[in-house]
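Heads up, the thing below is written out as structure tokens.
The values are calculated or read from the model by the stated rules, or taken from the named source; none is laboratory data. The structure presented is a predicted model; accordingly, all values stated were derived computationally and were not measured. A quick note on method: Cβ atoms are made from the backbone with ideal geometry, for glycine too, and the neighbour counts reach across all protein chains shown. SASA here: full protein model, heavy atoms, side chains in, ligands and nucleic acids out. Shrake-Rupley method; radii C 1.70, N 1.55, O 1.52, S 1.80 Å.
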Amino acid sequence: MWGKHRKRQWIGFYCGAYLAAVLTIIGLSGLFMHFNEKGPMNAGHENILCDDCHQKAPGTIRQQLQARVGYLLKARKTDVVFGHLPVSNQDCLVCHERPNDPHPVYRFIEPRFAETRKKIQAQYCATCHQEHRGERITNDTQFCRHCHERLVLKNDPLDISHAQLIEDEKWPTCLGCHDYHGNHVYQIPRETTKMIPELEVIRYFKGFPTPYSKDKKHEPKKRR
Ligand code: HEC
Ligand code: HEC
Ligand code: HEC
Ligand code: HEC
Ligand code: HEC
């Protein structure tokens, strides 16, 4: 009889420890966090609904906890509001699909970009577009350097060659002529005198109007 009692005590102990661990995780990670706006919406998103990006979690509490633990263990890029799924690339692409994108996020999941991913996580929209900052682009103007440092054009059309610009580490000039997603309709200049100045690119990043062109090859959807 004594043995059975002892066994029950142990079961109780393990259940208690398990519960404590679970509660610590939930507690730490903000079960009591309210789904309030985190900060001003980014440029262009003023009229987008919360649910357009923050999908309600269909999963069980256990699955939601797994998502949260995944985030805490760095397996996920974005945190999750309890009861909501973490916002993923797919939530952005629903409205922003651009078949002509020369830098599509999925390309950088490929194994050949393993080294690149250590330098820049170009496989996530969130790397350059964190939301709730009231901005448009949250990365710097020099990130091209992580991937194009060995670029040489056979017949370089520029007055100062790409190779020279790169040797002189003029990384902010890249965005002075090229947009990243290739979605703006405009003529790429060949003279460095016709570049968009870095300051204007930065202003665009912060939320001011586009210096490239208002015409886009693919307009975003307004509703999910
Ligand atoms: C355009 C997509 C988008 C919309 C619309 C949006 N959010 Fe977010 N939200 C995000 C992303 C992405 C994150 C993750 C953190 C980041 O990228 O800065 C986030 C993070 C959050 C967080 C912090 C918790 C966390 O998971 O990091 C809260 C709270 C939040 N959003 C609430 C809201 C509310 C309330 C609305 C509506 C007023 C809203 N969001 C609209 C994309 C969006
Ligand atoms: C419901 C559809 C929808 C979703 C979801 C959505 N967007 Fe948008 N987004 C828009 C619209 C509409 C605009 C405004 C475009 C304009 O003003 O020309 C916009 C604007 C933007 C802009 C600025 C574009 C510009 O030219 O000024 C960026 C950057 C952006 N979204 C990134 C994202 C990212 C990253 C996500 C995912 C976290 C996301 N969007 C989710 C519809 C959406
Ligand atoms: C490595 C950085 C980086 C990543 C990753 C990235 N972007 Fe961008 N994005 C930029 C830069 C820089 C610009 C400004 C130049 C331009 O307009 O192409 C921009 C511009 C935009 C614009 C406005 C121009 C347009 O194409 O309409 C939208 C919308 C946008 N990004 C959405 C996204 C979405 C959605 C994702 C994920 C699928 C994403 N971006 C991933 C850097 C990035
Ligand atoms: C994460 C790596 C990465 C980053 C960061 C990156 N690129 Fe690229 N880029 C690539 C790859 C890969 C290609 C495709 C090359 C190929 O197909 O040979 C490419 C192609 C291009 C092209 C040719 C597009 C076309 O239509 O053929 C241009 C222009 C370009 N990148 C400019 C830029 C600029 C400007 C930046 C910074 C704002 C930048 N890239 C940042 C990896 C990157
Ligand atoms: C003065 C404007 C200008 C500047 C500055 C500039 N480019 Fe270019 N770039 C061009 C033009 C023009 C082309 C040729 C486009 C074409 O023929 O379609 C080109 C072509 C490219 C290509 C395509 C090469 C290929 O194989 O087709 C890549 C990649 C590229 N540039 C990346 C960059 C990077 C990275 C930087 C920054 C170091 C940069 N560019 C700076 C104007 C510029």
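Just in the range 122-191: which GluC sites (Glu not before Pro) are loop by DSSP and have at most 15 other Cβ atoms within 10 Å?
Answer by residue number: Glu149, Glu169, Glu191.
Return the lysines within reach of Lys7: Cα separation strictly under 20 angstrom, same-chain partners fewer than 8 residues apart disregarded; answer none if there are no such residues.
Those lysines meeting the cut-off do not exist here.
Given H placed 1.01 Å from N in the peptide plane, which residues other than close sequence neighbours of His84 have an amide H under 5 Å from its amide H?
Ala57
Report in % the part of the accessible area of the range 33-206 that belongs to carbon and sulfur, leaving out ligands and nucleic acids; probe 1.4 Å.
That fraction is 55 percent.
Send over a whole-number figure in Å² for the accessible area per residue of the range 142-224, probe 1.4 Å.
Each residue of the range 142-224 exposes 70 Å² on average to a 1.4 Å probe.
Enumerate the aspartates and glutamates that Lys119 could reach by cross-link, defined here as Cα to Cα under 19 Å, with residues fewer than 8 away along the same chain left out.
Glu110, Asp140, Glu149, Glu169
In terms of the Cα gyration tensor, with a ≥ b ≥ c the square roots of its eigenvalues, is the range 177-218 rounded because a/c is under 1.5, prolate because a/b exceeds b/c, or oblate?
Verdict is oblate for the range 177-218.
Do any of Lys118/Lys221; Lys56/Lys206; Lys38/Lys206 go past 27 Å between their Cα atoms, and which?
Lys118/Lys221; Lys56/Lys206
Would you pull out the residues with amide H under 5 Å of Lys216's amide H, same chain only if 5 or more places away, H placed 1.01 Å from N?
Placed amide hydrogens put Val185 under 5 Å from Lys216.
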